[in-house]
1. Where Lys and Arg each count +1 and Asp and Glu each count -1, what net charge lies around residue 99 among other residues with Cβ under 13 Å from its Cβ?
2. With Rg and Dmax of the Cα atoms in Å defined as stated, name the option among (i) 16.8, 55; (ii) 19.0, 62; (iii) 16.4, 47 computed from the structure displayed.
3. For the pair residue 214/residue 84, report the inter-label distance in nm, with labels modelled 7 Å from Cα in the Cβ direction.
4. Charges only on Cβ, +1 for Lys and Arg, -1 for Asp and Glu: so what's the dipole of the chain about the Cα centre, in debye to the nearest 20?
5. Please report, in whole Å, how far the alpha carbons of the stretch 1-55 spread along each principal axis, starting with the longest.
6. How many lysine pairs are close in the chain, with Cα atoms under 22 Å apart and the two 8 or more places apart or on different chains?
7. Determine the calculated [θ] at 222 nm for the chain from helices alone, applying -39500 (n - 2.57) to every DSSP H run no shorter than 4 residues and normalising by the residue count; nearest 500 deg cm²/dmol.
8. When the Cα centres of the stretch 15-41 and the stretch 122-137 are compared, how far apart do they sit, in Å?
Amino acid sequence: MLIQNHQIDLETPTGIMRCYVYHPKTDTNNAPNKYPALLLYSEIFQQTSPIRRSAQIMAGHGFIVVVPEVFHELNPIGTVLGYDDIGRDKGNADKVAKFLEAHDTDTLAMINYVQTLPYYSGKIGAMGFCLGGGLAFRAAINPGITATSCFYATDIHSGMTPSQTGNDSRTRAQEIRGELQMIWGKQDPHIPAEGRALVYQTLTDHKINFTWHEFNGQHAFMRDEGDRYDAELQLLGYQMAINFFRRCLY
């Protein structure tokens, strides 16, 4: 399946948010086929090459994929942080500076935008990696999100991303109405066993519809750059996410 892409700058309460949109190629001579959409949340580094490739892979399997600049308020448009100490420190500082409520309004802006696309079928999901896994989990609180796939989602168990009192994602998990797919690496120091257990118990207590998958992988095993990349787990992860979204959104 061939894909196309474009950029869109969306108005949000906290400023302009650049989004990168990938979708199956449309035939301009006929009524377009319609596809479900995915909001794909990046790591703290924003849209790096690995994140762009993730978006292209998902779009090539029949989804409209929207990648936001998750820290648009705190950086010039087009900012991509490096996978190095400087990039990591800046990204972590941005994570602390931006409240979850601003991510909520970002999500709403993207949902509203997707609904204007002539090739949108009417169902939307969320997906993310690392910080983005936590933001995808947060997006699942929005009733418009039908299905969410979270890869090694940080900050759900620890609440490190700031929020107003009682508005953290784990507390609000009871509001999730769609299905969740939770994917973890057992050797991930950012979400240790006790942190994963806390998330699992929260979802169980609130009777959320979810599947749970733990693999022998390190943090960022899906990222096809760096020493922690696991090609076999990456392929399995994409297959799981694609099958999940096809089942829930098609």
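1. Neighbourhood net charge equals -4.
2. Checked against the structure: label (i).
3. Going from the residue 214 label point to the residue 84 one covers 3.6 nm.
4. That gives the chain a dipole magnitude of about 700 debye.
5. 38, 27, 16
6. Pairs that pass both the separation and distance tests number 4.
7. -10000 deg cm²/dmol
8. 16 Å
Readers should treat all values here as calculations from the given coordinates under stated rules, not as data from a laboratory. Remember, it's a predicted structure, so these values are computed and weren't measured experimentally. Glycine also receives a Cβ, built like all others from the backbone with ideal geometry; neighbour counts cover every protein chain displayed.
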